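Derivation of every value follows stated rules applied to the coordinates shown; laboratory data play no part. Owing to the predicted nature of the structure, the values given are computational and were not obtained by experimental measurement. Note: ideal-geometry Cβ built from the backbone for every residue, glycine included; neighbour counts use all protein chains shown.
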Amino acid sequence: MPLRGVAWLCAGCIGGFSLSVYRHPSLSAYGLGVADETIPGIVARIAGITVVVAMLPVLLDRATYRIWLKLPIVMLLSLPLCLVVLFGMYALEFKYEKGESNLRKLVQFHHGLPAWKERTVQLRRGILSVSKLDRIPEHPPVQATLHSRRVHKGYSVENVALETVPGFFLAGNLYRPLPVDSGARCPVVVIPQGHFRDGRFGADMQHLAATFARMGAMAFLYDMAGRGETTQVNHEDPRALTLQLWNSRRVLDFLLSLPEADPARVGMTGTSGGGTQTFLCCAVDDRVTVTAPVAMVSSWVYGGCACESGLPIHRTATYATNNAEIAALTAPRPQLVVSIDSDWTRTVPWKEFPFMRNIYALFGAESQVENKHIAGENHDYGPTKRDAVYRFFGKHLHLRLESVLHPDGSIDETVNTIEPREAMLSFDTNHPLPEHALQGWDAVMLALFGKTS
């Protein structure tokens, strides 16, 4: 290849990468481990390198340039450099650019409540259409199997298998408050799981459900599709988004069919992938009255799993959106957005939350949305995050917060019983997976839609 062509190829790769960095400042800053405000300076430096590389054939005479190009160090580094640059461009432009990450471009749809309501209809229809949940035939009521009830201090736990699709079983655990207030209705809290090794069996999740039960709510923990005990399908399939959204709505069907459930007080909270399930379900199902997505709401990261962004719910031929706008579809229902400074939610206080609050303001409901930003914590559902959600749900679901407080006003989780996995299993020797259980995505989709999808 002519020397000028080599220089221009390298300059093109570097220039394209710098453009990608400029287009995705928050993502680039997160990946590089630097502050957002340093990105313009980095782009300026890369642009300067691009100009120098492109002008080398002009600045140097041909003989000198040929000698410079043949330096061993340049020959050794040129190919890896180009590969790194090209990979960076791929990661920024294709892997993460699945919607509209620029919040300023979305403001045009928020000029007045009528415009936002039109946008809401468009996005809800889009999510349901892309996930194909708008074409599911009528299904029978959810069949539930409950067994192995245990009684702990202030609550009970039961193992549950929900037949959300004929032949497909969702495993979970139902926590109920004790003592039972005869004739009284109690709130419901739905807790989908995220991408954590222990899933619903982890101590964080058990503490969450048990404490809600001690506050007077029924709380339900349930698996992701393809995780935990719910393994009739694998998790790494784009159809997991469809099935998980369907499962969440069927969980609501089940819980609200219980005679003691109060349909006017329904909360939903999850972290990471469970946070995605939370705001997706709340976006399309008005039965959820209070929400708290934890460590997930972001305008520039849409989830790295097929169950979150494997289907093009963020961009279609008619709209482009992101998770911050999808979470805002909950407005004007109360919502707590929990963010931390060590993952992609680090920009929430100054970026996503003001954007969401402005949408709530269209309803005159700015006070209904809050942000709890926590520094120095990991991507999990740890005690500080749970504390914030307990208090928010306690206020909006009218729970008995005082029943779980220490004398100093802090949350007391020490009375909760953390059970071993074996005690929480929905399927065991005495309660095996039914013989008519389906296996594989095609069989489950056939049962869900009446045809393979």
**Asked** What is the Cα centroid distance between the stretch 297-360 and the stretch 397-449, reported in whole angstrom?
**Response** 26 Å
**Long-range Cα-Cα pairs in the stretch 117-424 (distance over 27 Å), rounded percent** = 37 percent
**Item:** Extension gain from Arg150 to Thr318, taking 0.36 nm per residue of separation minus the Cα-Cα distance
**Value:** 55.4 nm
**Complete:** For Tyr155, the residues 5 or more places away or on another chain with a placed amide H closer than 5 Å to its own amide H are Leu178
**Complete:** Projected area averaged over all directions for the convex hull of the alpha carbon atoms of the stretch 162-268, nm², comes out at 6.8 nm²
**Request:** Give me Ser257, Ser18 ranked fewest to most by other Cβ atoms within 10 Å of their Cβ, as a rough exposure proxy.
**Result:** Ser257, Ser18
**Request:** Read phi for every residue in the stretch 356-367 and hand back ³J(HN,Hα) as whole Hz from Karplus 6.51 cos²θ - 1.76 cosθ + 1.60, θ = phi - 60°, with x for Gly and Pro.
**Result:** 5, 4, 5, 5, 4, 5, 4, 9, x, 10, 4, 6
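Which loop GluC sites (Glu not before Pro) in the stretch 344-453, with loop taken from DSSP, have no more than 16 other Cβ atoms within 10 angstrom of their Cβ?
Passing sites in the stretch 344-453 are Glu377, Glu435.
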**Residues His110, His139, sorted so that the one with the fewest Cβ neighbours within 10 Å comes first** = His139, His110
**Complete:** Sorted by chain and number, the residues with a modelled amide H under 5 Å from that of Gln335, at a separation of 5 or more or across chains, are Thr291, Val369, Glu370
**Message:** Can you compute 3J(HN,Hα) from phi for each residue in the stretch 191-197, using the Karplus curve 6.51 cos²θ - 1.76 cosθ + 1.60 with θ = phi - 60°, rounded to whole Hz and x for Gly and Pro?
**Reply:** 10, x, 8, x, 8, 10, 3
**Complete:** Note, the stretch 313-319: 3J(HN,Hα) by Karplus (6.51, -1.76, 1.60, θ = phi - 60°), whole Hz, Gly/Pro = x, goes 6, 8, 8, 10, 5, 10, 7
**Prompt:** Based on the mean of other beta carbon atoms within 10 Å per residue, what is the order of 141-148, 288-295, most packed first?
**Reply:** 288-295, 141-148
**Inter-probe distance in nm under a simple model that places probes 7 Å from Cα toward Cβ, at Lys117 and Arg185** = 2.5 nm
**Complete:** Taking only the alpha-carbon positions of the stretch 381-420 as identical scatterers, the Debye log10 I(q)/I(0) at q = 0.18, 0.33 Å⁻¹ comes out as -0.53, -1.19
**Fill in**
Most packed first (mean Cβ within 10 Å per residue), the peptides 195-204, 335-344 order as 335-344, 195-204
**Asked** Put +1 on the Cβ of each Lys and Arg and -1 on the Cβ of each Asp and Glu in the stretch 117-424; which of Ile418, Val160, Thr289 then has its Cα farthest toward the positive end of the dipole?
**Response** Thr289
**Loop-resident sites, the stretch 386-453, for trypsin sites (Lys or Arg not before Pro), counting at most 15 other Cβ within 10 Å (DSSP)** = Arg400, Lys451
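Quick check on the stretch 289-364: take the gyration tensor over C-alpha atoms, sort the square-rooted eigenvalues as a ≥ b ≥ c, and tell me if it's rounded (a/c under 1.5), prolate or oblate. Don't skip to the answer; put the middle values down first.
Numbers: a/c = 1.70, a/b = 1.19, b/c = 1.43.
Note, shape of the stretch 289-364 comes out oblate.
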**Prompt:** Just from the alpha-carbon atoms, what are the Rg and Dmax of the stretch 361-443 in angstroms?
**Reply:** 20.1, 55
